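As C-alpha cells, the structure follows; a few thoughts come after it.
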Amino acid sequence: MDTVIDKKPDAPLSETDAANLIEELATKARIAQKKLASMSDAEKADALRAAAASLRDHASEILAANAKDIEAGEQRGLSGAMLDRLKLDEDRLEGIAAAVENVASLPDPVGQRMDEMERPNGLHLSRVRVPVGVIGIIYESRPNVTADAATLCVRSGNAAILRGGSEAVHSNRAINKAISEGLAKKGVPEGAVQLIPTQDRGAVGALLKAAGQIDMIVPRGGKSLVARVQNEARVPVLAHLDGINHTYVHASADKDMAEAIALNAKLRRTGVCGAMETLLIDAAYPEPASLVKTLLDADCEIRGDAKVQKLDDRVVPATDEDWDTEYLDSIASVAIVDDIDAALDHVAAHSSGHTDAIVASDPAALERYLNEVDSAIVMANSSSQFADGGEFGLGAEIGIATGRLHARGPVALEGLTTYKWQVRGSGQTRP
C-alpha cells in the first residue's frame, strides 16, 4: 500500500492526508537524526563535500529547473527583486556549492563544552551543545535556502524537513535531489534531509501542528508567512521577521562614506533582507541634497518627508505606511531628523529589529547608536548588506533571527543547537 509520501507530487491533500504525510516524514527524520547524531565530525564534513560535488555534477539539471521557475515567475508578474531572489546562474550555483564546502570546513558545534564547574560537594557539571533534533524549515523565493538549510542541519546533527515556496518548486526539487544523492554516498540516511513533496498549503498547517514530531520551526520569508507560522504553530518557532532596516547619517559623517554606504545598502541587491529601506539624515549633516541625489541618480525612487522633498524635485511624498514597509525594491523612504535622539526614536518606532546602521565620525555618536538600538544587528560605518552569516564568518545561514530567545542575528550552526547538562559524580547523595 502506498504511503502519503508516494502520492503524486502536488496532488491535493485532505487534512488527514496532510497530517499523515508530516508524520511519515517526521518518523523518517527522527530515525535519520539518531544516525546523524552518532556520526563523527569528519564523517559529516565528508558527506557535505560529497553534496557540494553532487551540486556541481547536476548543475545543468538545476539550471534547467530554475529556468522553468523564472519563466513561470515572469508569467505570474513577480517583481524584479523577487525574480532576482529566484534566479540561479552558473556563478550563483557555484556559490551555493562553495557555501556547502565552507560549512563542511567549520568546527562542529556538537559536543562543545559551553562551560563547566566543580561544585563544593564534588559534582562536576558541564553544559554541552547537542542538536535540536528534527527541524522544519519553511521558506520562500530563494532556492539557495534549500542547500543552506540542508547543509547547516546535517553539520549540526539535525534532520531537516524543508518546505520551499511554489515560485521555486522546480529549483528546490532539483537542488534537494542533488544534495541527497551526495549525502547518501557517504552514509547519511535518506530521511536526514527531506523536501515536502507537495505545495499543498495543508502540509504547512500540518507541519506547524506537529508537536512531539517536529522540535523547531524556522520560517524564512515575508511578513505574511512569518505571521501565519507564529499564529498557527504548536511547535517552538525561531522567527525571522522582515528587514525594515535603517541607515542613519549623523552630522559628523564623511560625505563620501555616507554616499557610498547608502548606495550600497539600498541598491547592491534590493531583494535581500539586509537591504536598507529607510535613510535617516541628521538635520545638521551638511550635504543632504547630494546624498539624496546619489540615490536618485542611481534610479532609486525616494519617498521623502516634507524636508526631503525640498531637496530634489524627483522626491515623492512619503506616506505613514512607507516608514513601516520592506520594499525589497529600488525604493527608499527618507527623512530628515533633528538629531541622534530623534533618529533613535524613529528606529525604535519603525525598525523590525533586523539590522540598523549609523554613519558617523563622532565616536560618542557611534557608541551610543550601537548601544541603544535594540536590533539583532547594529552596524557602524558599514553597509547593512553585510547582514549575512557568510560575511560574519559563520558559513551559510538559515536566516536572521529577530527575536530574543535561543538565537539572535544570523542563525548558523550554533543557532541550530541546544544544550544539555552532564553531571559527573562519585557517589554523592543529597541530604
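Quick one: which of T325, T319 is among the β-branched types (V, I, T), under 15 Å from E277 (Cβ atoms) and free of Cβ contacts under 8 Å to residues at least 24 places away in the same chain?
On the way: T325 fails: free of Cβ contacts under 8 Å to residues at least 24 places away in the same chain.
It is T319.
Among the residues of the range 395-414, which ones are part of a loop (DSSP other than H, G, I, E, B) and touching a residue at least 40 places away in the same chain (Cβ under 8 Å)?
Listed by number, the residues that qualify are G395, A396, E397, I398, G399, T402, G403, H406, A407, V411, A412, L413.
Kindly indicate the residue of the range 349-376 that is in contact (Cβ under 8 Å) with a residue 40 or more places away in the chain and under 26 Å from C153 (Cβ atoms) and also surrounded by the most Cβ atoms within 10 Å (Cβ to Cβ) among those meeting that condition.
T355
Here is a list of conditions, (1) more than 30 Å from I340 (Cβ to Cβ); (2) surrounded by fewer than 23 Cβ atoms within 10 Å (Cβ to Cβ), and S252 meets all of them except one; can you say which number that is?
So S252 meets the others, but not (1).
List the residue pairs whose Cβ atoms are under 9 Å apart, where the first residue sits in the range 157-186 and is more than 23 Å from D69 (Cα to Cα) and free of Cβ contacts under 8 Å to residues at least 12 places away in the same chain, the second is outside any loop (DSSP other than H, G, I, E, B) and not hydroxyl-bearing (S, T, Y), and the two are 6 or more positions apart or on different chains.
The qualifying pairs are A184/A47; A184/A50; A184/E190.
Check V145 against each of (1) surrounded by fewer than 24 Cβ atoms within 10 Å (Cβ to Cβ); (2) at pLDDT below 95; (3) hydrophobic (A, V, I, L, M, F, W, C) and name the one condition it does not meet.
Tallying (1) surrounded by fewer than 24 Cβ atoms within 10 Å (Cβ to Cβ); (2) at pLDDT below 95; (3) hydrophobic (A, V, I, L, M, F, W, C), V145 fails exactly one: (1).
Name the residues in the range 415-431 that are in contact (Cβ under 8 Å) with a residue 12 or more places away in the chain and of a type outside the set (A, V, I, L, M, F, W, C), would you?
Result: G415, T417, T418, Y419, K420, Q422, R424, G425, S426, Q428.
Determine whether the range 347-359 contains at least one residue that is closer than 17 Å to A258 by Cα, in the same structural domain as D256 (by TED's automatic domain parsing) and outside any strand (DSSP E or B).
no
Can you run down the residue pairs with Cβ atoms below 7 Å, 6 or more apart or on separate chains, where the first is in the range 67-78 and surrounded by 14 or more Cβ atoms within 10 Å (Cβ to Cβ) and the partner is in a loop (DSSP other than H, G, I, E, B)?
Correct list of pairs: I70/K87.
Within the range 227-249, how many residues are buried (at least 21 other Cβ atoms within 10 Å of the Cβ) and in a helix (DSSP H, G or I)?
Of the residues in the range 227-249, 1 are buried (at least 21 other Cβ atoms within 10 Å of the Cβ) and in a helix (DSSP H, G or I).
Within the range 303-333, restricting attention to residues that are in contact with a Lys or Arg (Cβ under 7 Å, 6 or more places away or on another chain) and hydrophobic (A, V, I, L, M, F, W, C), which residue is nearest to S79 (Cα to Cα)?
I331
Does the range 70-81 include one or more residues that are within 24 Å of G136 (Cβ to Cβ) and either under 25 Å from the mean Cα position of the chain (by Cα) or part of a helix (DSSP H, G or I) (or both)?
No: the range 70-81 contains no residue that is within 24 Å of G136 (Cβ to Cβ) and either under 25 Å from the mean Cα position of the chain (by Cα) or part of a helix (DSSP H, G or I) (or both).
Considering each residue of the range 32-66, count those that are without any contact (Cβ under 8 Å) to a residue 40 or more places away in the chain and in a loop (DSSP other than H, G, I, E, B), and give that number.
1
Yes/no per residue for (1) of a type in the set (F, W, Y); (2) within 30 Å of V423 (Cβ to Cβ); (3) touching a Pro at 6+ places or on another chain (Cβ under 9 Å):
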position: Y139; (1), (2), (3): yes, no, yes
position: P143; (1), (2), (3): no, no, no
position: A147; (1), (2), (3): no, no, no
position: L162; (1), (2), (3): no, no, no
position: N176; (1), (2), (3): no, no, no
position: L183; (1), (2), (3): no, no, yes
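Taking the condition of a type in the set (S, T, Y) and more than 28 Å from the chain's Cα centre (by Cα), does S290 pass?
In short, yes.
The values are calculated or read from the model by the stated rules, or taken from the named source; none is laboratory data. Just so it is clear, the structure is predicted and the values come from calculations on it, not from any experiment. Cβ: placed from backbone, ideal geometry, glycine included. Neighbour counts: every protein chain shown.
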